[in-house]
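What follows is a short report on a single structure.
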Amino acid sequence: MAQIAVRPATQARWPDVERVLDQRGAVKGCWCMFFRSEPQAWRSHSGEENRLALGRLVEKGAAPGLLAYRDGVPVGWVSVAPREQFPRLDRSPISPRFDAQPVWALVCLYVPRPFRGAGVARALVRGAVAYARQRGAEIVEAYPVDDTLGPVSADHAYHGLVTLLRAERFEEVARRTARRPLMRLRLGAE
């Protein structure tokens, strides 16, 4: 099996971002902007507007996500950043702040259908954790769907799955709805 490399989304990699997120099934034109947008702005935006907004973040030098590559081919996407970059999290009944500790939030995990079931999502989670750690994060937080309670549709799997995050040492710290726990990984020196 080929090695999976995870790299920040940069201007040079923008065509790869488009290749991954512009696929049918890529969360309906979200372009990973849902959690970054205010509700009124989100309701009025189209997929193209979201693509342009994400592109502007990349142009400014922000790395709004990471790409997974297998044999040089982009095969997945994950978004992780300081929680403050995702204002919508505080408005959700699932993800209000748990406490005052500074956290990085893992809000989006997408693997196109042809690459699913081959370890890409696991590599993306590991890459996101490593990226956050390198930038001084002490806690990474996620808001997955609990797949131990039954099947999860592809439309909802972008939140991540409990079994995947548990396997990567995330622990549940709160559960505000039946299927959506808040999970955290404390990043100690390793």
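A few points about this structure:
- The stretch 90-190, accessible surface, carbon-and-sulfur percent (1.4 angstrom probe): 53
- For the chain, diffusion coefficient by Stokes-Einstein and Kirkwood Rh (Cα), 4 °C, 1.567 mPa s, µm²/s: 78
- Kirkwood estimate for the stretch 58-118, i.e. one over the average of 1/r between Cα atoms, Å: 13.5
- Computed over the stretch 122-190, the percent of Cα pairs more than 15 Å apart is 51.
The values are calculated or read from the model by the stated rules, or taken from the named source; none is laboratory data. Since we're looking at a predicted model, the values are computed, not measured. We work out accessible area using only protein heavy atoms, side chains counted, and drop any ligands, DNA or RNA first. Shrake-Rupley method; radii C 1.70, N 1.55, O 1.52, S 1.80 Å.
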